[in-house]
Amino acid sequence: MSEHVLVTGASGFVGSALTAALVREGRRVRAATRNPETLALPRGAEIATLPDLRDAVDWDPLLDGVGAVVHLAGIAHVGPGVDPEVYDRVNHVATAELAGACARAGVRRLVLVSSVRAQSGPAAVHVLTETDAPRPTEPYGRSKLLAEQALRASALPCTILRPAMVYGPGVKGNLARLMQLAASPWPLPFASFASRRSLVSLDNLNTAISLALTSGAVIGETYLVADPEPVTLAEILTALRAGRNPGLFPVPAALFETALKLAGRADVWERLGGELVVDSSKLIAAGWRPDPDTKAGLARLARAA
């Protein structure tokens, strides 16, 4: 009988969709989550309880019979309110402990789903590639980078994925707020926002993870993951208002920048008006075949909401 793939964080936005996708591929999946009673899984997936990563974890029972691991569990929130030591414990130290346990258990592959924020802040002045030196700007990104470094220092065969902002059914965070804004009936003053941002669809991220589980060529490598074409804020809102007049009108983006910086919210400006473009050509050269149409994907997301 084939070995399990352990998915940590299986009840999350990415984890629940990934678990379903792996089951459809015919894999035996052990779905680990802190709240197993709330997880609705497809037939063929085994539910397991994931301890609180803020404490030391005994990974051995979860790794029994496991041949590969996709590590998604961690703190995904970016912003104030989380102690940097908690970021470090959950995102970094727990990953290092998992890698050690995997090596002892003979796990043959670990895929770490990190973040583009391990490489950059919320904006970058040039298109990012894997050759750029990592320069995270907040505790979340630094904890992710330390997790990557701990994994590389282990003896475990691994692949590290750094996805851009992920969109798909059940999305949370900044994109969920944009969806709420787009769902309103009001005209929006964002027609002049021309800065581009890379996104990645949930389906595209899942195919990248599947490739990382199967291809020998990706072992030991780090990849940025994003849809091939970046989009502007105006294009995102237009796509989310698919089937209706987008209702965007121009107000100089510089006015927003000045107002937000005067209000002490330069961080909001970087996320709203800054550019963050990712080049995924390395992963594509390794065999990844993403759906290239981000605007159509956003429109489908809005229609399904």
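With an 8 Å Cα cut-off and a minimum separation of 6 or more residues, compute the relative contact order for the chain in percent. Across the chain, relative contact order equals 17 percent.
Computed across segment 88-176, the Kirkwood hydrodynamic radius from all distinct Cα-Cα pairs reaches 14.0 Å.
Annotation note: GluC sites (Glu not before Pro) in segment 1-104 located in DSSP loop regions with a Cβ neighbour count of at most 13 within 10 Å are 25.
Where Lys and Arg each count +1 and Asp and Glu each count -1, what net charge lies around residue 169 among other residues with Cβ under 13 Å from its Cβ? If you can, show how the numbers build up before the last one.
Numbers: positive: 172, 300, 303; negative: 203.
Taking every other residue near residue 169 into account, the sum is +2.
Under the convention that each Lys and Arg Cβ holds +1 and each Asp and Glu Cβ holds -1, the size of the dipole of the chain around its Cα centre is about 620 debye.
At a Förster radius of 45 Å, what calculated FRET efficiency corresponds to the Cβ-Cβ distance of residue 305 and residue 217, to the nearest 0.05? Intermediate results must be reported in sequence, preceding the final value.
Values: r = 38 Å, r/R0 = 0.83.
Result of the calculation: an efficiency of 0.75.
Out of segment 1-86, which trypsin sites (Lys or Arg not before Pro) are coil in DSSP terms and have no more than 15 other C-beta atoms within 10 Å?
Numbers: sites: 24, 27, 28, 30, 34, 43, 54; in loops: 27, 34, 43, 54.
Loop-located and lightly packed - 43, 54.
Where a number appears in this text, it was derived from the coordinates with a stated rule and is not lab data. Keep in mind that this is a model prediction, so the values were computed, not measured. A quick note on method: Cβ atoms are made from the backbone with ideal geometry, for glycine too, and the neighbour counts reach across all protein chains shown.
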